[in-house]
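This report refers to the structure that appears directly beneath it.
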Amino acid sequence: MADVNTNVINQAATLLTSIYNQVSGATAITPTDTGSFISLANKTLTYGLDPIMGALSTIIGRTIFSNRPYRGKLDILNVTNQEFAWHNRKISMSDSAPIDSAVYGLTNGQSVDQQIVKVPNTLQLNIYGENAYQDFYTLFEQQVKMSLSSPDELVAFLAMVTQNCMDKIEQADESFRRFALAGYIGALLTYNGDRVVHCLTEYNTATGQQLTDTSVMEGLNFRSFVDWLFARMMTVSDAMTERSYKYHFNVTGHTVMRHSPREMQRLIMYAPFAHLMVNRVIANTFNAKAFEQITSEMVNFWQALNSPDTINVTPGILNSTGAKTQGSAVNQAHVLGVLFDRDALGVSIFDKSFGTAPYNERGKYRNIWYSSTQRYYADHTENGVVFVLD
């Protein structure tokens, strides 16, 4: 049989007989050449191309415009726009120590001063800078007309080009959010201590077992581990609602008490592991009452699609004085999830705009420009805990 992809009309009766015999059980499975039978969408063009883009054939039967809007992940990190703020400041209060009561320490002939001064101990954190980029695409007036059969197809073609640009923008924004999250997780791992739950180590200590990241996934081992992990996550969430110095970085001399009510908590889970939790163990109880007030999202990968459960970043961190410094490289696999305060991590969109450049009469085209200015920020003095299978 000739290859249908070479613009021929094949006689398919013989092939149909073979297929029918296989699917009906009349014959055993037979090696079948599907490559000559299936019209495979491919880049080889057997007719003339348009003169500019070199991508559209000049003879059209029916044109299918591949046009599917993309919705970016991690919208959970988006916050209210701060349009005019190049420099944001965040002021927090440090608790001061109480003093002894003067009521029972009075001395005859002396008074007590009720106007003594107690200066508030404030911590000001500064958030600077923005990230900007541009993109553009060109719309032709004359050059593609020979490749399209009607005004409706021209409209559909232009809509496809525009949608492609929108999808690129959506994925770019998502990618920035993803790397902001990876950087935040890297910072938590650098601080360690209360900021990291080393799940496998804690579980083995609690149970006296010696499971590895492989054996823990087996049968009853996994069920028992997930039961423990679910309780551990609930415990951390409960603890973050308490006003305390735990679960966040404290600047020397300006320690700040933080608490994160459940409605202010954000949970992002590694989707493949979360699906295993739900389907193999707790069956629809992962979003039980303990977590129903927490805004949550799942990610298919943290940083790179080919290493989905891993982050590999060099995060910015705070030193003891509260100044930003460069941390060491963090390469961590088996990241299960991160629970953090809403104010610990976010994205502010300062500008997102499209503009059309003047029409180029000589070349019969115009350029559409996109500009974006955004801020991806983190506050390590807010509560946050990362869960790692190590």
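Considering only segment 317-362, state which residues are acidic (D, E) and under 24 Å from the mean Cα position of the chain (by Cα).
D341, D343, D351
Could you tell me which numbered condition V338 fails, if it satisfies all but one of (1) closer than 23 Å to L389 by Cα; (2) surrounded by fewer than 19 Cβ atoms within 10 Å (Cβ to Cβ)?
So the condition that V338 fails would be (2).
Residues of segment 195-210 being crowded, with 16+ Cβ neighbours inside 10 Å and more than 30 Å from the chain's Cα centre (by Cα), which ones?
Once the filter is applied, which keeps residues that are crowded, with 16+ Cβ neighbours inside 10 Å and more than 30 Å from the chain's Cα centre (by Cα), segment 195-210 yields only N204.
With (1) farther than 30 Å from K246 by Cα; (2) over 25 Å from the mean Cα position of the chain (by Cα); (3) not charged (D, E, K, R) as the list, and S175 as the residue in question, which single condition is left unmet?
It fails just one condition, (2).
Being at pLDDT below 75, part of a strand (DSSP E or B) and exposed (fewer than 10 other Cβ atoms within 10 Å of the Cβ) is the filter here; which residues of segment 89-140 pass it?
Matches in segment 89-140: none.
For segment 344-359, give me the residue count where each residue is surrounded by fewer than 16 Cβ atoms within 10 Å (Cβ to Cβ) and either assigned to a strand (DSSP E or B) or of a type in the set (A, V, I, L, M) (or both).
7
Checking the structure you have, find out if any residue of segment 302-316 is over 17 Å from the mean Cα position of the chain (by Cα) and without any contact (Cβ under 8 Å) to a residue 40 or more places away in the chain. Outline the logic, then answer.
Of the residues in segment 302-316, the ones over 17 Å from the mean Cα position of the chain (by Cα) are 314, 316.
If we keep only those that are without any contact (Cβ under 8 Å) to a residue 40 or more places away in the chain as well, we get none.
Checked against the condition, which is being over 17 Å from the mean Cα position of the chain (by Cα) and without any contact (Cβ under 8 Å) to a residue 40 or more places away in the chain, segment 302-316 yields no hits at all.
Suppose the filter is modelled with pLDDT of 90 or more, touching a Ser or Thr at 6+ places or on another chain (Cβ under 7 Å) and more than 30 Å from V119 (Cα to Cα); does L267 pass it? Show your work before the answer.
Details: modelled with pLDDT of 90 or more: yes; touching a Ser or Thr at 6+ places or on another chain (Cβ under 7 Å): yes; more than 30 Å from V119 (Cα to Cα): yes.
For L267, the condition - modelled with pLDDT of 90 or more, touching a Ser or Thr at 6+ places or on another chain (Cβ under 7 Å) and more than 30 Å from V119 (Cα to Cα) - is met.
The values are calculated or read from the model by the stated rules, or taken from the named source; none is laboratory data. Every value quoted in this text rests on a predicted model; they were computed, and no experiment measured them. For neighbour counting, all protein chains shown are included, and Cβ atoms are generated from backbone atoms with ideal geometry for every residue, glycine included.
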